[in-house]
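Student: Dropping the structure in here first, questions after.
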Amino acid sequence: MAEKLLVSGSIAYDCIETPLDKADYILGGSASYASLASSYFAPTLISGIVGNDFKESDVKRLTARAIDISNIKFEQSKPTFFWRGKYHDNFNSRETLDVQVNVYEDYKPELNAEARSAKYVLLGNISPVVQTAVLDMIESPKFVIVDTMDLWINIERQALEAIVKRADLLILNDSEAKLFSGERNIICAGKKLMGFGAKSVIIKTGEYGAMLFHKDGFFVVPAFPIESLHDPTGAGDSFAGALAGYLAGCDDTSFEAIRKGMVVASATASMTVESFSCYKLEENGLDEINRRRDYIKKISCSD
């Protein structure tokens, strides 16, 4: 029987420029991407805060996927979290041009009884202080996933190390793994991060897929081959959300379940990069996720 998944993180408006196009004030944020991805696999609750500029149409995008928004705080005194970024060199590097934390400046998360009772928790990319505040309210979590980024490794390392110790799974990308571990080799980084307290670690390697470091073994999943890369923003959040949703949906946290979930997550994340915001993630649906999952399994196997 499927368990509930609580997704906590940022809900934002993004302005993004890529080598191909640009888009202004589109729905973004780690919790937005992750909850939309997880909603295909498990009952999903989203926690976060939005401001006085948050559009009703974006609320409907979440509720259309049956995502419980009762733990989103609607703050009328300030605008929604804002990020402006630009991708260079055929998407190989990204520059942050502007960040306005706005409603997140003094944010103290609050959870209702249903959210507090969630067995599966995804602490999406947000300050580890906020992640800790959310986790402290969960009554008896069964599986906790922590996602992070280089910013928090650099400015809130102590708080990040503390929340990682409480995680069942830590997710980060290759450059973040090297920064956090101090290792130059990705395999050495993964092994060292296992000693930071999380029971398992996934290192995302972009177009090459992702690696799982687990006490029961090592696993690599390839990325789905994309021919129409449009905007990579949110791909990692979609990966984490789909994986968390898959585990909650089957209520299984074994090594084998995580392996299967990573294949589903890779398929789901591949849809995110084919459009700005979450549009392709919303439009393509579960049938397309399953088609891509089957293709990844096909190209991963040999006789």
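Student: Alpha carbon centre of region 1-73 versus region 113-168: separation in Å?
Tutor: The distance from the Cα centre of region 1-73 to that of region 113-168 comes to 18 Å.
Student: Here is a follow-up. If you take the C-alpha gyration tensor of region 90-129, multiply each eigenvalue by 5 and take the square root, what semi-axes do you get, largest first, in whole Å?
Tutor: Semi-axes from the Cα gyration tensor: 30, 17, 7 Å.
Student: May I pose another question? Using a Debye calculation, one point per C-alpha and no hydration shell, please list log10 I(q)/I(0) for region 1-60 at q = 0.13, 0.20, 0.22, 0.30 Å⁻¹ in order.
Tutor: Reported log10 I(q)/I(0), two decimals: -0.41, -0.81, -0.91, -1.24.
Student: Which value, in debye to the nearest 20, gives the size of the charge dipole of region 1-100 about its Cα centre, when Lys and Arg are +1 and Asp and Glu are -1 at the Cβ?
Tutor: 240 debye
Student: What is the magnitude of the charge dipole of the chain about its Cα centre, with +1 placed on the Cβ of each Lys and Arg, -1 on the Cβ of each Asp and Glu, and no other charges, expressed in debye to the nearest 20?
Tutor: The calculation lands at about 760 debye.
Student: Modelled label-to-label distance, Ile299 and Ala133, 7 Å Cα→beta-carbon offset: nm?
Tutor: Here the modelled spin labels are 4.2 nm apart.
Student: Roughly how many Å² of Lys165 are accessible to a 1.4 Å probe, to the nearest 10?
Tutor: Rounded to the nearest 10, the figure is 130 Å².
Student: Keeping all protein chains in place and using 1.4 angstrom, which order do Thr132, Thr18 fall into by accessible surface area, from largest down?
Tutor: If we order Thr132, Thr18 from most to least accessible, we get Thr132, Thr18.
Student: Now for a separate question. For region 115-229, what mean projected area does the convex hull of the alpha carbons give, in nm²?
Tutor: Projected over every direction and averaged, the Cα hull of region 115-229 covers 7.9 nm².
Student: If you don't mind, there's one more thing I want to ask. Can you work out the FRET efficiency for the pair Glu288 and Ser70, with r the C-beta to C-beta distance and R0 = 45 Å, to the nearest 0.05?
Tutor: Rounded to the nearest 0.05, the efficiency is 0.95.
Student: Treating only the Cα positions of the chain as identical point scatterers, give the base-10 log of I(q)/I(0) from the Debye formula at each q in 0.07, 0.11 Å⁻¹.
Tutor: With no solvent term, the Cα-only Debye profile gives -0.23, -0.59.
Student: From the alpha carbon gyration tensor of region 164-280, can you work out the equivalent ellipsoid semi-axes (sqrt of 5 times each eigenvalue) and give them in Å, largest to smallest?
Tutor: 23, 17, 12
Student: For region 86-180, which GluC sites (Glu not before Pro) are in a loop by DSSP, counting at most 12 other Cβ atoms within 10 Å?
Tutor: Glu105, Glu139
Student: Rounded to the nearest 0.05, what FRET efficiency do Met1 and Val220 have when you use their Cβ-Cβ distance and R0 = 41 Å?
Tutor: 0.85
Student: Report the label-to-label distance for Lys142 and Glu114 in nanometres (one decimal), using points 7 Å from each Cα along the Cα→Cβ vector.
Tutor: Placing both labels 7 Å along Cα→Cβ, they lie 1.8 nm apart.
Student: Roughly how many Å² of Ser266 are accessible to a 1.4 Å probe, to the nearest 10?
Tutor: We get 10 Å² for Ser266.
Student: So what does the Cα-only Debye profile of region 21-147 read at q = 0.15, 0.18 Å⁻¹, as log10 I(q)/I(0), no solvent term?
Tutor: Reported log10 I(q)/I(0), two decimals: -0.77, -1.08.
Student: Around Leu97, under 14 Å between beta carbons, what's the net of Lys plus Arg minus Asp minus Glu among the other residues?
Tutor: Local charge sum for Leu97: -1.
Student: Same structure again: Going from the alpha-carbon gyration tensor of region 264-303, what semi-axes, largest first and in whole Å, does one get by taking the root of 5 times each eigenvalue?
Tutor: 22, 10, 6
Student: Please compute the Kirkwood hydrodynamic radius over region 154-219, one decimal place, Å, based on all pairs of different Cα atoms.
Tutor: 11.7 Å
The values are calculated or read from the model by the stated rules, or taken from the named source; none is laboratory data. Computed from a prediction, not measured in an experiment: that's the story for all the values here. Here Cβ is always computed from backbone atoms with ideal geometry, including for glycine, and neighbour counts include all displayed protein chains. Surface accessibility is based on the protein's heavy atoms, side chains included, excluding ligands, DNA and RNA. Shrake-Rupley method; radii C 1.70, N 1.55, O 1.52, S 1.80 Å.
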